[in-house]
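The values are calculated or read from the model by the stated rules, or taken from the named source; none is laboratory data. Since the structure is predicted, the reported quantities are computational estimates derived from the model, not experimental observations. Here the Cβ positions follow ideal geometry from the backbone for every residue, glycine too, while neighbour counts run over all protein chains shown.
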Amino acid sequence: MATPRITDLLESLESNYGALDPTAPTDPYEFLIWWHCGYPASEERCSKGWASLTREVGTAPEHLAAASTARLVGALKAGGMVPEVRAARLKEIAARVRDDGGDLRSALSRLSAPQARKALKAFPGIGNPGADRILLFARLSPVAAVPSACPHVLVRVLHGPEGEKYVAVYAAAQRILNTLPATFDERIRGYLLVARHGHELCKRSKPLCGRCPLRAQCAFAIRSKNKT
């Protein structure tokens, strides 16, 4: 079987899911706040906590810095576990951004992509996947960002079982996404479609291969079928 092109795979996913828009904030500062609004972090929990925080406290650096810890904890409970830890992190992020001029996006735009990535990783809870996502969706650098919860998706489709080492799987997925045109629109589209597919069908532990629009082209599904 010929190896499918990633552009063809994304066309198939878009035919199945439709054109997708980001559900998380795309501003770097707002994303950092949103990310800590839920735990364990997920689109659903973070969005619930974000809505509660926006309603009860506000999200601007001055609002978070002025709010009592108890008030923040109360607002963040809607997003899940350890609201006390998340409240402390929000205060840390807000204070740092406020003290650095109050405009994180502007500050990042003056840095090279590697420098901006390093600066973002200095914030609590942000590793390479989060930093890459922020740079891409803020349209600061068209990096090949990979959804942190499902780097396995494209690796499975193109190469078969992904293995257990997260860093290696993430790197392999990033190499695949790097073959897309280095434009914001193309790489944001790829990120959103891969994330949706990993969330709905290509689950890490129990993929729903029988419902997958890529099953005829997927190395993982074909190998699994041949074993049965």
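Details
- Residue list for the range 68-84, restricted to those being surrounded by fewer than 19 Cβ atoms within 10 Å (Cβ to Cβ) and under 21 Å from the mean Cα position of the chain (by Cα): M81, V82
- Restricting attention to the range 34-93 and to residues that are hydrophobic (A, V, I, L, M, F, W, C) and at pLDDT below 95, the residue that is farthest from R133 (Cα to Cα) turns out to be A66.
- One residue alone among R133, R117 is among the charged types (D, E, K, R), buried (at least 19 other Cβ atoms within 10 Å of the Cβ) and farther than 21 Å from H199 by Cα, and that residue is R117.
- Hey, L158 farther than 23 Å from W50 by Cβ and either touching a Pro at 6+ places or on another chain (Cβ under 6 Å) or surrounded by 15 or more Cβ atoms within 10 Å (Cβ to Cβ) (or both) or not: yes
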